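Chemist: Before we start, here is the structure in question, set down as structure tokens.
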Amino acid sequence: MSQIKSRRWDIFCKIVDNYGDIGICWRLSQQLAHEHHLQVRLFIDDMPAAKKIITSLDCVTKSQIINGVEVCVWPTLENCANIKPSDYVLETFSCELPDFYIQQMLLKNSIWVNLEYLSAESWVSDFHAKPSPHPTLAITKHYFFPGFKIDTGGLVREANLVADRVAFINSQAKQLEFWQKLGISNANNLIEDSIKISLFCYAQADIASLISALEVVNQPVHLFIPFNSSITIITDASAGTKNKNCSEIHKGNLTIHLLPFLSQADYDHLLWACDLNFVRGEDSWVRAIWAAKPFIWQPYIQTDDTHIKKLNAFLDWYLNAATPEVKSVLYESQQAWSKANPATPVPLARLISHLPDLLAYAQQQASNLAMQPDLATKLVIFSENLAKNKV
């Protein structure tokens with residue numbers, strides 16, 4: 001690695017959508033600190049919201065070290081007037097850095113990179129790594145786009161993630177320990193004798209129709225819903241069987257488990273342990289891909305069906321090597337789930353009947369993607385090459 005710049009990075013995160021932004025930033029910050037041995041300073045604009053993800057966070061402390069990362073309040077002239085930028089500055093999702101800080105970056109000659117949202121659309125490769133000069137100052141920001149193709153910025157993936165997943169899936173004891181940690185009753189039977197589905201979605205999803213379809217599946221189904229805003233659609237939760245950690249609602253062959261807010265590690269374990277995962281946005285979407293299990297993705301709802309275009313771009317890439325039947329099942333299921341006003345429900349019976357084929361394909365695509373460098377590695381190399389070119 002280049003010695004031109006120091007090993008200090010500043011990362012800026014504004015929390016604007018259900019913890020997805022901070023979830024990505026926290027994963028990336030830890031990876032840069034632990035695997036790339038960087039001194040990382042993470043600035044956050046909403047400490048109480050961040051505490052959902054960074055559970056040991058003290059919301060009234062301006063600066064604190066957590067798991068090797070310095071977590072700081074968002075800098076203002078009032079609370080951080082004397083702050084000195086690092087040599088590398090990562091703006092995330094165009095969150096807009098404070099003006100006074102940009103002025104200090106100019107004096108420092110900092111490397112400035114903006115990490116953008118993930119998309120499989122064809123234009124991403126063209127815009128990845130492109131410069132964007134500041135309109136009034138002699139400083140340039142470079143756009144870094146995550147992506148699925150080798151000519152993009154890659155996906156967040158810790159070095160030990162695949163090995164940890166394989167170890168978990170191959171260990172009935174690890175899975176049993178996980179279910180027991182969540183307070184799931186009859187955890188032994190759960191592992192072998194039922195279909196296990198996780199649900200994390202936006203409120204626009206047709207959750208009621210999904211639950212109605214799951215009730216009549218001809219084998220036991222367990223639906224796990226980590227706490228989020230869409231959980232309120234499940235009414236009369238108090239009528240279910242209670243236990244220490246979660247509420248259970250029984251409807252026909254379906255048992256709904258209303259879980260507490262899960263840590264990032266526990267959410268990974270949930271994805272690994274389930275047979276089918278409904279995910280949304282970006283962070284859970286990427287983690288579902290690495291889980292190597294069948295999944296249904298709901299992109300963030302946008303006007304003019306822009307989110308459907310994003311969905312179709314991903315499916316076109318993801319299903320490039322699928323059999324006609326797997327391609328048909330996933331296209332039909334994914335598009336039905338992501339329609340704001342779905343004309344037809346998710347073809348659940350067809351989806352469940354093809355789970356073995358979908359599992360094999362998910363494993364194949366996860367393995368292929370894991371052959372590419374991860375986002376953190378690409379980001380470090382890209383940023384340090386920018387530093388070299390400045391000399």
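Any read-out appearing in this document is the output of simple, stated calculations on the displayed coordinates, not a laboratory observation. Owing to the predicted nature of the structure, the values given are computational and were not obtained by experimental measurement. Cβ coordinates were reconstructed from backbone atoms using ideal geometry, including for glycine residues, and neighbour counts include every protein chain displayed.
Chemist: Decide, for segment 304-391, between rounded, prolate and oblate: order the square roots of the alpha carbon gyration tensor eigenvalues as a ≥ b ≥ c, take rounded if a/c falls under 1.5, and otherwise choose prolate if a/b is larger than b/c, else oblate.
Modeler: On the way: a/c = 3.94, a/b = 1.89, b/c = 2.09.
Oblate, because a/c is 1.5 or more while a/b does not exceed b/c.
Chemist: For the pairs LYS51/LYS181; LYS52/LYS141; LYS52/LYS181; LYS51/LYS310, note any where the Cα-Cα span goes beyond 28 Å. Working shown, then result.
Modeler: On the way: LYS51/LYS181 21 Å; LYS52/LYS141 31 Å; LYS52/LYS181 18 Å; LYS51/LYS310 30 Å.
Cα-Cα > 28 Å for LYS52/LYS141; LYS51/LYS310; rest within.
Chemist: Related question: Once every DSSP H run of n ≥ 4 in the chain is given -39500 (n - 2.57) and the sum is divided by its residues, what mean residue ellipticity at 222 nm do you get, rounded to the nearest 500 deg cm²/dmol?
Modeler: That comes out to -11500 deg cm²/dmol.
Chemist: Let me ask something else. Let me check I have the definition right: for the chain, take the eigenvalues of the Cα gyration tensor, multiply each by 5, take square roots. What are those semi-axes in whole Å, largest first?
Modeler: Taking √(5λ) for each eigenvalue gives 38, 23, 19 Å, largest first.
Chemist: Using θ = phi - 60° and the Karplus form 6.51 cos²θ - 1.76 cosθ + 1.60, what ³J(HN,Hα) does each residue of segment 134-147 get, whole Hz, x for Gly and Pro?
Modeler: 5, x, 10, 10, 7, 8, 10, 9, 10, 8, 10, 9, x, x
Chemist: Hey, what did the chain get for relative contact order, percent, Cα under 8 Å, at least 6 apart?
Modeler: 15
Chemist: Calculate, in nm to one decimal, what LYS130 and ILE65 gain on full extension: separation in residues at 0.36 nm each, minus their alpha carbon distance.
Modeler: Extra length available between LYS130 and ILE65 comes to 20.1 nm.
Chemist: Additional query: I need the phi-derived Karplus couplings for segment 72-83: 6.51 cos²θ - 1.76 cosθ + 1.60, θ = phi - 60°, integer Hz, Gly and Pro marked x.
Modeler: So the J values, rounded to whole Hz, are 10, 5, 4, x, 10, 4, 7, 9, 9, 4, 9, 5.
Chemist: Would segment 161-369 count as rounded, prolate or oblate if I go by the C-alpha gyration tensor, calling it rounded below 1.5 in a/c and otherwise prolate when a/b exceeds b/c, oblate otherwise? Walk me through the intermediate numbers first.
Modeler: Details: a/c = 1.57, a/b = 1.20, b/c = 1.31.
Because a/c hits 1.5 or more and a/b fails to exceed b/c, segment 161-369 counts as oblate.
Chemist: Next up: The chain: longest stretch without exposed GluC sites (Glu not before Pro) (DSSP loop, at most 12 other Cβ within 10 Å), sites themselves excluded?
Modeler: With GluC sites (Glu not before Pro) excluded where exposed in loops, the chain gives 97-391 as its longest stretch.
Chemist: Continuing with the same structure: Starting from the amide H of ILE66, placed 1.01 Å from N in the peptide plane, find each other amide H under 5 Å away whose residue is 5 or more places distant or on another chain.
Modeler: Under 5 Å from the amide H of ILE66: VAL71.
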